[in-house]
Amino acid sequence: PFVGRAQELALLEQLLTDGPPVLLVAGELGIGKSCLLQAGIQRAQAQGWTVLSGGCHRRSGQEPYAPLVGALADSLRRQSPAEQRRQVQGCSWLVRLLPELAESGVVSSPPWTLPAEQERRLMFAAVAQYLANIAGPTGTLLVLDDLHWAGSDALDLLQALVRAPMERPLRILGAYRDTDIGPQDPLALFASDLTREGRASRALLAPMAEVEATALLAELLPETADGETHLRQQMLERAAGVPLFLVSCVQALLTGSLTWNGSSHVPWTLREAILQRVVALPQTAQQVLRLAAVIGRRVPWALLVTVAARSDLTEERVLQALEVCGRGRLL
């Protein structure tokens, strides 16, 4: 169930009306980005937008123009051959991005070759034309998840689409983990450029407020059993407002791997999600986290420095490690 996020929903409404044409939803793993994208899809479809959606995965940055190529291919797969031929009118250079269009006879390949830069420009224009051709009464909405894994080629195409003169409105709703990109990553530069030009806005998802987390837990798990108050409070405290943590705990409870007796087991899905974030850290940061985990949930600074010194870690290195862990939302 979708709970709270009133401010972010207002930004969604701006995107679909008169706001900047790009809305980027940022936040840590499990904070609710994909759920907000789904809310955007539902609102857009109700208002008459044609919606194309796609997402990256960990390795898809090696695939050309991911996730856009997947969203376009999925859109075409949903059409009959006759509809495909009608929708790709004026988009012959789209075949450079989707060669299968030539194989199926929907589009003929251009009979000449040009320098790579010129072909790319014409291909970008063909994508823009296709998005205009399939637009609904209100326009076209591109919904792209996990953009932190997108390559610079896809981001170049997105920038070109945002800046291109469009016959019908085009909006882009994207999500990414801000914990997984640095200031010089292509996505950070992409967001900075469009924001400076007034073409993009950003919604940074914070953990849910206590009242919202409590409401979410009540939706996920109606109160029925006696003596469950303690475990409910424990789940709320440990989840700290991150929806994925609450959902994982409830799933574990319903499957029997977490019980009402106050067991402190961490659900497998949650454990794996956290470990993925830990192993991406530098070795020193991982070492400091291991020491802190032994000390407990609250770690006195003096004690941590004293224990770290026994592992040949200076106070300065401990500080640097903690800053890295903080940026990764692991503290």
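The values are calculated or read from the model by the stated rules, or taken from the named source; none is laboratory data. In this text the structure is predicted, and so the values were computed from the model without any measurement. Reconstructed Cβ throughout: ideal geometry from the backbone, glycine too, with neighbour counts over all protein chains shown. Each accessible area value is taken on the protein alone, full model and side chains, heavy atoms only, with ligands, DNA and RNA left out. Shrake-Rupley method; radii C 1.70, N 1.55, O 1.52, S 1.80 Å.
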*Is there any pair linking a residue in region 21-33 that is in a loop (DSSP other than H, G, I, E, B) to one that is of a type in the set (Phe, Trp, Tyr) and at pLDDT 95 or above, with Cβ under 9 Å and at least six apart or on different chains, and which?*
Gly27/Tyr176
_Pick from region 262-299, criterion outside any helix (DSSP H, G or I) and farther than 30 Å from Glu228 by Cα, ranking: least open to solvent (accessible area, probe 1.4 Å)_ = Leu281
*Within region 132-183, tally of residues that are among the basic types (Lys, Arg), modelled with pLDDT under 95 and touching a Leu at 6+ places or on another chain (Cβ under 7 Å)*: 1
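Inspect region 67-84 for any residue being out of contact with any Pro (no Cβ under 7 Å at 6 or more places or on another chain), on the phi > 0 side of the Ramachandran plot and either assigned to a loop (DSSP other than H, G, I, E, B) or open to solvent by less than 20 Å² (accessible area, probe 1.4 Å) (or both) and give the result as yes or no.
There is no residue in region 67-84 that is out of contact with any Pro (no Cβ under 7 Å at 6 or more places or on another chain), on the phi > 0 side of the Ramachandran plot and either assigned to a loop (DSSP other than H, G, I, E, B) or open to solvent by less than 20 Å² (accessible area, probe 1.4 Å) (or both).
Residues to consider are Leu141, Leu122; find the one that is touching a helix residue (DSSP H, G or I) at 6+ places or on another chain (Cβ under 6 Å) and open to solvent by 10 Å² or more (accessible area, probe 1.4 Å).
Checking each option against the conditions leaves just Leu122.
Condition check ((1) at pLDDT below 95; (2) assigned to a helix (DSSP H, G or I); (3) of a type outside the set (Phe, Trp, Tyr); (4) more than 12 Å from the chain's Cα centre (by Cα)) across all residues:
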{"site": "Leu11", "(1), (2), (3), (4)": "no, yes, yes, yes"}
{"site": "Leu37", "(1), (2), (3), (4)": "no, yes, yes, no"}
{"site": "Ile41", "(1), (2), (3), (4)": "no, yes, yes, yes"}
{"site": "Pro64", "(1), (2), (3), (4)": "yes, no, yes, yes"}
_Test result for Trp112, open to solvent by 80 Å² or more (accessible area, probe 1.4 Å), of a type in the set (Phe, Trp, Tyr) and over 20 Å from the mean Cα position of the chain (by Cα)_ = yes
_So the check is Cβ under 8 Å with 6+ separation or different chains; which pairs have a first residue in region 300-319 that's without any contact (Cβ under 8 Å) to a residue 60 or more places away in the chain and open to solvent by 70 Å² or more (accessible area, probe 1.4 Å) and a second one that's assigned to a helix (DSSP H, G or I) and hydroxyl-bearing (Ser, Thr, Tyr)?_
Arg317/Thr284
*Among the residues of region 167-182, how many are farther than 22 Å from Val278 by Cβ and open to solvent by 60 Å² or more (accessible area, probe 1.4 Å)?*
2
